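Peer 1: Before anything else, here's the structure in question.
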Amino acid sequence: MTQPFELPHFYMPYPARLNPHVDEARAHSTVWAREMGMLEGSGIWEQADLDAHDYGLLCAYTHPDCDADALSLITDWYVWVFFFDDHFLETFKRSQDRAGGKAYLDRLPLFMPLDLATPVPEPRNPVEAGLADLWTRTVPAMSADWRRRFAVATEHLLNESMWELSNINEGRIANPVEYIEMRRKVGGAPWSAGLVEYATAEVPASVAGSRPLRVLMETFSDGVHLRNDLFSYQREVEEEGENSNGVLVLETFFGCTTQEAADTVNDVLTSRLHQFEHTALTEVPALALEKGLGPAEVAAVAAYTKGLQDWQSGGHEWHMRSSRYMNENAASQSAPWESPGGPGTSAVDVRSLLASAGAQRLRAWTHQPYQKVGPALIPDIRMPYELRLNPGLDGARARLLPWAQRMGILSEGVWDEDKLDAYDLPLCSAGLDPDGSEEALDLSAQWLAWGTYGDDYYPLVFGHRRDLAAARLTTGRLSACMPIAGETPIVPVNAMERGLCDLWLRTTAGMDEDSRRALKATVDVMTESWVWEVANQIQNRVPDPVDYLEMRRATFGSDMTMSLCRMGHGPAVPPEVYRSGPVRSMENAAVDFACLLNDVFSYQKEIEYEGEIHNAILVVQNFFGIDYPTALGVVADLMNQRMEQFEHVIATELPVVCEDFALSKEARAGLDAYVAALQNWVAGILNWHRSVDRYKAEWLAGRTHGFAPDRAPAVPVAARVS
């Protein structure tokens, strides 16, 4: 069969290495698969299938340094996961049996108890038998923290198969942001990262949830998945009828040829590998210092990082050799001078390495700030929901000014009364909460004022002064302004601290400890993301597109916003409903719409007047090497597709959630109220952007965009207070 496109040159600077225990792993996995019932008689595989796929070779390339026992166990895991994938395809995807698929998946977590003393059911099929056996052989060697993380990754890998099945049933192809997000779960690379820990060294629990370690895992995941999409396009799309493939997603989104889509997928893959390297070399060492990791802990993180790197190069080598994938002529693309011969060297391509380093990598650091870009262009924006404004708007406007004055927000040289008036944050609150009380409206407007002020303060004060240490210290002190269980709060010494102490006390007065802890975590995520922006500003580094979109949710305060939106909907909606895939998908779609909307309206303000680099349009311009109007078109299409996805989840996926969780009438009403709150939220945000002076060319031209001209720049007092 003719290949649908030529495989591109891959960026892979690390040669693959082969574990010497490869033959032992092959032999062991064959015996094990037969014992579990995966071969003759399974209806899925025969011995020839297992031999052709050669998972022993995959694991020997991706885990080159572990001993024979560990390699055999890991190979068994991969035999199990690929068998599960094919078994689910044949049993439920081809027949589009959603009910049967859900019942099948619901049983699998029962075979992964965190406490091995917990009894498990009798296995009914080879997938259950394999999981039960692997779990008992693997988890005794690992900590409780690793068990929990690996169990979650395994459940995501299994459960998100329902997302693929639902899309197949509907004939629906995901948008690019949704695809990257969901592919990590269903593609299983976070699960693979857990096995890298098993093979190398377990990541210390104190840093396992940090941004640098999360980015290492996510960039590893994206690299693995996008590479797999390129090699497996022919099998998945043309032979199996799959629509969960990155090449197909971009082909559909851009309306381009398959070859153009494949080349773009490879560009994204390259960018994610660059992000992996950047994070490993800059953010991880800083994290080790910040957390005070000991030598053994630093060595563990380094071994894990190297293990992820080995997996990338080894996985590439296996794709080049496995009969499971499209790899015709792939190894012969490089000229002899570019690539040494022999096993493990097919990924080493000097031409690709140098071209990528000279174009994509360096382009991220060469943006010229303060370019004149003219008035922001506003595209057609999809908004299916009607705007309603709270009748208490005028009162909230009158009360915001004295509150800002009391907190000191107008006396530090960052904001003045003209800015506060031009931003009209109560107008945003009036749209977000059209039925709220006077007290609720004031709290909303003041939270927005505090968050917007902080978002302006960090780049102006810490970014321009290149003072990352002060930004980190300030962020730590802001966290201390939010006591959870009766701790003595710090004495506030500046406007941000005074504002947060005031808002925290009033907002959490009636909350229990768990609710306060959850809200504090969302504020911490937002303030820590501002430090990430300062670090990029100091380096003049335009972010990687995927990293930007995901961090944009944090800089926008989306988790905090969602937490506040959920208040008042009562305890009838179980927490697991809010954690479910469809609800998170709905929330992320709404937030991405709002973030991209903000970037569209703020483009001139940020690029021309503030020298900002955190704007989706600029990120797209930099990544594709295109002009402003073309990049705006890409962002506008993505923004509108995120709104369409928001509508799609509400119309088709939430009813299924209600059925799956057997929600009571009261709980359904609570979930409906939350959906209505999000609909008000997106409509109110669009109205605010269209109405306020903050983004209008006339107002921007008449303003000073540094410190307020009538006072000296404020010293970041928090940086000098222990």
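The values are calculated or read from the model by the stated rules, or taken from the named source; none is laboratory data. Bear in mind that the values here come from a model prediction, so they are computed numbers and not experimental data. Here the Cβ positions follow ideal geometry from the backbone for every residue, glycine too, while neighbour counts run over all protein chains shown. Each accessible area value is taken on the protein alone, full model and side chains, heavy atoms only, with ligands, DNA and RNA left out. Shrake-Rupley method; radii C 1.70, N 1.55, O 1.52, S 1.80 Å.
Peer 1: In debye to the nearest 20, how big a dipole does segment 22-81 give about its Cα centre with +1 on each Lys and Arg Cβ and -1 on each Asp and Glu Cβ? Each step should come with its number before you reach the end.
Peer 2: Numbers: 2 positive and 12 negative charges, 28 e Å.
It comes to approximately 140 debye.
Peer 1: State the percentage of accessible surface on the chain attributable to carbon and sulfur atoms; use a 1.4 Å probe and exclude ligands, DNA and RNA.
Peer 2: Reported share for carbon and sulfur atoms: 55 percent.
Peer 1: Using a Förster radius of 25 Å, what is the FRET efficiency between residue 67 and residue 23 based on their Cβ-Cβ separation? Nearest 0.05, please.
Peer 2: Details: r = 14 Å, r/R0 = 0.58.
My answer for the efficiency is 0.95.
Peer 1: Now, a different point. Give the accessible surface of segment 479-588 per residue, rounded to a whole number of Å², with probe radius 1.4 Å and ligands, DNA and RNA excluded.
Peer 2: Numbers: 4120 Å² over 110 residues.
Per-residue accessible area for segment 479-588 comes out at 37 Å².
Peer 1: Taking 0.36 nm per residue of sequence separation and subtracting the Cα-Cα distance, how much length would be gained by fully extending the chain between residue 289 and residue 651, in nm to one decimal?
Peer 2: Values: separation 362, 0.36 × 362 = 130.32 nm, distance 4.78 nm.
Result for the pair: 125.5 nm of gain on full extension.
Peer 1: Follow-up question, since we're still on this one. Given R₀ = 22 Å, FRET efficiency for residue 660-residue 118 by Cβ-Cβ distance, to 0.05? Kindly include the intermediate steps, with their values, before the conclusion.
Peer 2: Details: r = 24 Å, r/R0 = 1.08.
About 0.40, to the nearest 0.05.
Peer 1: Say a paramagnetic label sat at a point 7 Å from the Cα of residue 672, along Cα to Cβ; which residues of segment 571-591 have their backbone N under 17 Å from it?
Peer 2: Answer for this model: 571-574.
Peer 1: Counting other Cβ atoms within 10 Å, which GluC sites (Glu not before Pro) in segment 1-79 have at most 11 and lie in a DSSP loop?
Peer 2: On the way: sites: 6, 24, 35, 40, 46; in loops: 6, 40, 46.
Answer in residue order: 40.
Peer 1: Taking 45 Å as R0, compute the FRET efficiency from the Cβ-Cβ separation of residue 46 and residue 363 and round it to 0.05. Mind showing how you got there, number by number?
Peer 2: Details: r = 49 Å, r/R0 = 1.10.
The computed FRET efficiency comes out at 0.35.
Peer 1: Pulled fully out, how much extra length does the chain show between residue 398 and residue 282, if you take 0.36 nm times their separation in residues and subtract their Cα-Cα distance?
Peer 2: Working: separation 116, 0.36 × 116 = 41.76 nm, distance 4.63 nm.
So the chain would gain 37.1 nm between residue 398 and residue 282.
Peer 1: Also, quick follow-up: Is there a quick way to get the dipole size of the chain? I mean about its Cα centre, with the Cβ of Lys and Arg at +1 and of Asp and Glu at -1; what is the value in debye to the nearest 20? Please report the intermediate quantities before stating the final value.
Peer 2: On the way: 61 positive and 102 negative charges, 354 e Å.
Here the chain has a charge dipole of around 1700 debye.
Peer 1: Could you tell me which of 230, 116, 415 has its Cα farthest along the dipole of the chain towards the positive end, charges placed at Cβ (Lys, Arg +1; Asp, Glu -1), taken about the Cα centre?
Peer 2: 415
Peer 1: Please compute the modelled spin-label separation between residue 386 and residue 214, points set 7 Å along Cα→Cβ, answer in nm with one decimal.
Peer 2: 3.8
Peer 1: Might you report the magnitude of the Cβ-based charge dipole of segment 462-549 about its Cα centre, with Lys and Arg at +1 and Asp and Glu at -1, to the nearest 20 debye? Intermediate results must be reported in sequence, preceding the final value.
Peer 2: On the way: 10 positive and 12 negative charges, 65 e Å.
Using only the charged Cβ atoms, the result is roughly 320 debye.
Peer 1: Still on this structure, I have one more. Could I have the simple spin-label model distance between residue 235 and residue 302, label points 7 Å from Cα toward Cβ, reported in nm to one decimal?
Peer 2: Here the modelled spin labels are 3.7 nm apart.
Peer 1: Taking Cα atoms, how many degrees apart are the long axis of helix 211-233 and the longest axis of the chain, rounded to 10 and kept between 0 and 90?
Peer 2: Value to nearest ten degrees: 50.
Peer 1: Measure out, as a whole number of angstrom, how far apart the alpha-carbon centroids of segment 22-62 and segment 295-331 sit.
Peer 2: 20
Peer 1: Quick one: accessible area per residue over segment 374-462, 1.4 Å probe, rounded to a whole number of Å²?
Peer 2: On the way: 3530 Å² over 89 residues.
Each residue of segment 374-462 exposes 40 Å² on average to a 1.4 Å probe.
Peer 1: Put +1 on the Cβ of each Lys and Arg and -1 on the Cβ of each Asp and Glu in the chain; which of 396, 254, 511 then has its Cα farthest toward the positive end of the dipole?
Peer 2: Checked the options; the winner is 396.
Peer 1: Grab the Cα-Cα distance for residue 34 and residue 256, subtract it from 0.36 nm times how many residues apart they are, and report the gain in nm with one decimal.
Peer 2: Numbers: separation 222, 0.36 × 222 = 79.92 nm, distance 4.48 nm.
Gain on extension, residue 34 to residue 256, equals 75.4 nm.
Peer 1: Return the whole-Å distance between the Cα centroid of segment 454-493 and the Cα centroid of segment 134-153.
Peer 2: Cα centres, segment 454-493 to segment 134-153: 37 Å.
Peer 1: How large is the accessible surface per residue of segment 275-318, computed with a 1.4 Å probe and reported in Å² as a whole number? Numbers along the way, then the final one.
Peer 2: Working: 1710 Å² over 44 residues.
I get 39 Å² per residue for this part.
Peer 1: Now for a separate question. Among the lysines in the chain, how many pairs, 8 or more places apart or on different chains, have alpha carbons under 16 Å apart? Please report the intermediate quantities before stating the final value.
Peer 2: Details: 93/102; 372/605; 372/696; 419/605; 419/696; 605/696.
Close lysine pairs found across the chain: 6.
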